[in-house]
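Here is the structure we will look at, set down as structure tokens.
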Amino acid sequence: MTHSCSRCFFRDAPVAGGSCPHCRSVRAYRLARGVRGMLRRAAVQFQVAANAAHNGMEQEDVRVSLREVLRADAASIEAWEIIQAAQELVDRMAVIHAETAVAIGAELIQALERAGEIAGIVGEALDAVTVRLAALA
């Protein structure tokens, strides 16, 4: 007995209530596009965080330095939240189309490595500003 695709209704699906291979592939492609867009937004936030951290360490005024470092911290947190949402999409994609999920997984790993680098930069900037604030007290 053949089953109709639950998305397009004219191709055969392997199981009742399931999608045909073509519809699953299209859905995985759309999810991959969404994940790539999210990773681009995370990259922008990482760049904002890196720039703010460097600006914070170069400022003469401690208050300006602290504001820049806190801005860097907020941007890195936002980027991390974007990456976590992207990870959830990749997990959903793995159920639909494993090959696409594996391919996009490499890009996700690069983003996670960049998150670690940025966290180190922001941490160093925060430590530097903390030392400067302690010296003023």
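The values are calculated or read from the model by the stated rules, or taken from the named source; none is laboratory data. These numbers were taken from a predicted model, which means no experiment stands behind them. Using ideal geometry, Cβ is built from the backbone for each residue, glycine included, and neighbour counts are taken over all protein chains shown. To get the accessible areas, we keep the full protein, side chains included, count just its heavy atoms, and leave off ligands, DNA and RNA. Shrake-Rupley method; radii C 1.70, N 1.55, O 1.52, S 1.80 Å.
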Kindly provide the set of residues from the stretch 80-98 that are touching a residue at least 40 places away in the same chain (Cβ under 8 Å) and open to solvent by 60 Å² or more (accessible area, probe 1.4 Å), ordered by number.
R92
Can you report the number of residues in the stretch 85-111 which are of a type outside the set (A, V, I, L, M, F, W, C) and over 16 Å from the mean Cα position of the chain (by Cα)?
3
As an exercise: evaluate A103 against (1) open to solvent by 40 Å² or more (accessible area, probe 1.4 Å); (2) over 15 Å from V35 (Cα atoms); (3) not in a loop (DSSP other than H, G, I, E, B) and give the number of the one condition it does not meet.
(2)
Complete set of residues in the stretch 113-137 that are open to solvent by 70 Å² or more (accessible area, probe 1.4 Å) and within 18 Å of the chain's Cα centre (by Cα)
E113, R114, E117
Being within 30 Å of G105 (Cβ to Cβ), open to solvent by 20 Å² or more (accessible area, probe 1.4 Å) and either in contact (Cβ under 8 Å) with a residue 40 or more places away in the chain or touching a strand residue (DSSP E or B) at 6+ places or on another chain (Cβ under 9 Å) (or both) is the filter here; which residues of the stretch 40-71 pass it?
R41, A43
Exactly one of S65, S25, S19 is modelled with pLDDT under 85, under 29 Å from the mean Cα position of the chain (by Cα) and assigned to a helix (DSSP H, G or I), and that one is S25
